[in-house]
1. Full extension from Ser70 to Tyr19: what is 0.36 nm times the residue separation minus their Cα-Cα distance, to one decimal in nm?
2. What distance in nm separates the simple spin-label points at Arg79 and His47, each placed 7 Å from Cα in the Cβ direction?
3. Going from the alpha-carbon gyration tensor of region 46-109, what semi-axes, largest first and in whole Å, does one get by taking the root of 5 times each eigenvalue?
4. Which lysines, if any, have their Cα less than 21 Å from the Cα of Lys117, not counting same-chain residues under 8 positions apart?
5. Restricting everything to alpha-carbon atoms, can you work out Rg to Rh for region 74-127 with a Kirkwood hydrodynamic radius?
6. Estimate the FRET efficiency between Leu116 and Arg30 by the formula 1/(1 + (r/R0)^6), using the beta-carbon distance for r and 22 Å for R0, to the nearest 0.05.
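Computed from the coordinates by the stated procedures, all read-outs in this text should not be read as laboratory data. The model shown is predicted, which means the values in this text are computed figures rather than measured ones. Using ideal geometry, Cβ is built from the backbone for each residue, glycine included, and neighbour counts are taken over all protein chains shown.
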Amino acid sequence: GSIAMAQAPARADNGSGSYLSDDRNRVMLRPIRETHTLPPYPKESIHLQEQGRVKLAVTIGTDGAISRASVVEPSGYQRLDDAALQFVKSHWRWQPAMRAGKPVVATTRVSVLFDLKPPPLPSPPKSR
């Protein structure tokens, strides 16, 4: 069987993982890294060799959870788009964005890459 791997969000990191929101009055967004995991690869998509990148527009509520999400650049496969949308909406979290000491709603874009990798080859025994 092939090993399926969805890859992490493709956003340029500046070390701390913080980045500016897409709002007109931009705020600093701090993703809670351990929640930004990858969606399980849909079994049917593995079977059909479906892969691609899904870009989502998300609205982050004052609690840091996603209040709204939509696909802005589909992968070309409805199954992958739905898997990314549902998973990111239910799992990904940010520290609440703050403006003047108060939590505010913020918007950003995230992407999820579904990439079928060939299974790793067994490494040859090391010769001494």
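1. Details: separation 51, 0.36 × 51 = 18.36 nm, distance 2.01 nm.
Full extension from Ser70 to Tyr19 adds 16.4 nm.
2. It is 0.7 nm.
3. Working: eigenvalues 164, 20, 10 Å².
With the √(5λ) rule applied to region 46-109, the semi-axes are 29, 10, 7 Å.
4. Cα-Cα hits under 21 Å: Lys43, Lys55.
5. On the way: Rg = 19.2 Å, Rh = 15.3 Å.
Result: Rg/Rh = 1.26.
6. Numbers: r = 32 Å, r/R0 = 1.43.
After rounding, the FRET efficiency stands at 0.10.
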